[in-house]
1. Out of the residues in region A:36-62 meeting the condition of being in contact (Cβ under 8 Å) with a residue 40 or more places away in the chain and among the β-branched types (Val, Ile, Thr), tell me which one is farthest from B:Gln21 (Cα to Cα).
2. Just the residues that are farther than 30 Å from A:Gly47 by Cβ and either in contact with a Cys (Cβ under 8 Å, 6 or more places away or on another chain) or facing chain B (nearest Cβ under 7 Å) (or both), please, taken from region A:150-161.
3. Take region B:28-43 and flag every residue that is over 25 Å from A:Val136 (Cβ atoms) and among the charged types (D, E, K, R).
4. If we keep just the residues of region A:113-149 that are acidic (Asp, Glu) and in contact with a helix residue (DSSP H, G or I) (Cβ under 8 Å, 6 or more places away or on another chain), which is nearest to the other protein chains (Cβ to nearest Cβ)?
5. Search region B:64-92 for residues being farther than 26 Å from A:Gly30 by Cβ, part of a helix (DSSP H, G or I) and of a type in the set (D, E, K, R), and hand back the single one that is farthest from DNA strand C (Cβ to nearest atom).
6. Would you pick out the residues in region B:135-160 that are among the hydrophobic types (A, V, I, L, M, F, W, C), more than 20 Å from B:Gln20 (Cα to Cα) and part of a helix (DSSP H, G or I)?
7. Within region A:59-76, how many residues are away from chain B (no Cβ under 14 Å), in contact with a Phe, Trp or Tyr (Cβ under 9 Å, 6 or more places away or on another chain) and surrounded by fewer than 17 Cβ atoms within 10 Å (Cβ to Cβ)?
8. Scan region B:79-123 for residues that are of a type in the set (A, V, I, L, M), touching a residue at least 24 places away in the same chain (Cβ under 8 Å) and away from DNA strand D (no atom under 16 Å from the Cβ) and report the count.
Number of protein chains: 2
Amino acid sequence: MTPRLPPMAADETRWLDAAQQANWRAFIVGSTLLMDVLDRELRQAHGVSMAEYEILVRLSETPDRTLRMAQIAESMQHSRSRVTHTVSRMEKAGLISRCAASEDKRGVEAKMTDAGWDLLVAAAHTHVAGVRAHFVDIADPEDYEAMGRVMNAVSDRLVAENPTFDDIRGR
Amino acid sequence: MTPRLPPMAADETRWLDAAQQANWRAFIVGSTLLMDVLDRELRQAHGVSMAEYEILVRLSETPDRTLRMAQIAESMQHSRSRVTHTVSRMEKAGLISRCAASEDKRGVEAKMTDAGWDLLVAAAHTHVAGVRAHFVDIADPEDYEAMGRVMNAVSDRLVAENPTFDDIRGR
DNA sequence: ATCTCAGAGTTGAAAATTCAACTAATTGAC
DNA sequence: GTCAATTAGTTGAATTTTCAACTCTGAGAT
């Protein structure tokens, strides 16, 4: 019926062609460079890392500027341990306050302080300018959207494949 | 002559629109997830990190499986310090040997050992399968190429903007 | 020749992240 | 009700990365 498929053992490697390889390398190097420069800009101008900044953004999007630790971890796809450490530092710096969750006694709610809000407002300018200058504005708009589709597909796939990522990644 | 442009102070922030923002977040979360899973796969199957694996790949591409430390750093856009540390660990693990560069007495040449080669051969299967499964094969081919264009543009821009990245990033 | 400056690489301490083990609270099965 | 399994979060040590300071060599000017 259908033409015979080229023989390929299950364990045989399907290598990337030259273009696929080049684009994969562009992804690694480009994202290294990009994350690096954005992190540096935030640190120099406002003394926060990108991870810390992103946590502030997540908090700012809720009505009461509060999130459970696990929600932060999940939305950023960071390990719970990492979030604990990062939030601890931010609490020490006065950007976040932590208190026990009302309903679930196991839970902890992280709430952005006024100082955290002020920092976010200031840092947002720096960050958005950087994201534009180094990423959004230098890409063809259609290409940028294509990139978004690809990265969404990556997340969807990996998250779906691993219903309980926690076990695998210590989250 | 030309219609007056909408007024915008130099320091006013041009925010991202909803779609741009969503795609930016997809990039951050997706690349976190992707790098994470690939790193984990390599570690579990072969006991090397992605950074170490990438160094082996770079070395394998030269005729004599040798590169100067600075060349490794530049091609991966890692700091020189980071490369020193990583190569030191790999040397301890017997994957790389270091010796003084012949021409330039300041230089150091990193050479992949046979053990390093064997590891690379084995790990390449794992890695390529992962890159396909989690990235290349799940993306529309045109979107994947668009992503490559974007990330190449990012690198080109950042590298060009900073002739001596060394100063800025301690390389 | 010498002097300064730039380049290559290393070092060790500080900061961030991962890893494995842990406590405490909730859920669900019986 | 009770006990096992799950979920939330933390902890501290190990690993990795960054940061700043440092040595040593090479290059260019005078």
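1. Ranking the qualifying residues of region A:36-62, first place goes to A:Val48.
2. Our first condition is that a residue be farther than 30 Å from A:Gly47 by Cβ; within region A:150-161, this holds for A:150, A:152-154, A:156-161.
Residues satisfying the conditions are A:Val150, A:Asn152, A:Ala153, A:Val154, A:Arg157, A:Leu158.
3. Residues of region B:28-43 that are over 25 Å from A:Val136 (Cβ atoms), as a first pass: B:37-43.
Hits for region B:28-43 are B:Asp39, B:Arg40, B:Glu41, B:Arg43.
4. Let us first name the residues in region A:113-149 that are acidic (Asp, Glu), namely A:114, A:118, A:137, A:140, A:142-143, A:145.
This time we only want the ones that are in contact with a helix residue (DSSP H, G or I) (Cβ under 8 Å, 6 or more places away or on another chain), so: A:140, A:142-143, A:145.
On the way: A:Asp140: 7, A:Glu142: 7, A:Asp143: 4, A:Glu145: 7 Å.
In this case the residue turns out to be A:Asp143.
5. It comes out as B:Lys92.
6. Filtering region B:135-160 down to residues among the hydrophobic types (A, V, I, L, M, F, W, C) leaves B:135-136, B:138-139, B:146-147, B:150-151, B:153-154, B:158-160.
Those left that are additionally more than 20 Å from B:Gln20 (Cα to Cα): B:135-136, B:138, B:158-160.
The answer is B:Val136, B:Ile138, B:Leu158, B:Val159, B:Ala160.
7. 0
8. Of the residues in region B:79-123, 3 are of a type in the set (A, V, I, L, M), touching a residue at least 24 places away in the same chain (Cβ under 8 Å) and away from DNA strand D (no atom under 16 Å from the Cβ).
FYI, it's all coordinate maths here, none of it is from the lab. On a predicted model such as this, the values are computed, not experimentally measured, just so you know. Cβ atoms come from the backbone with ideal geometry, glycine included; neighbour counts cover every protein chain shown.
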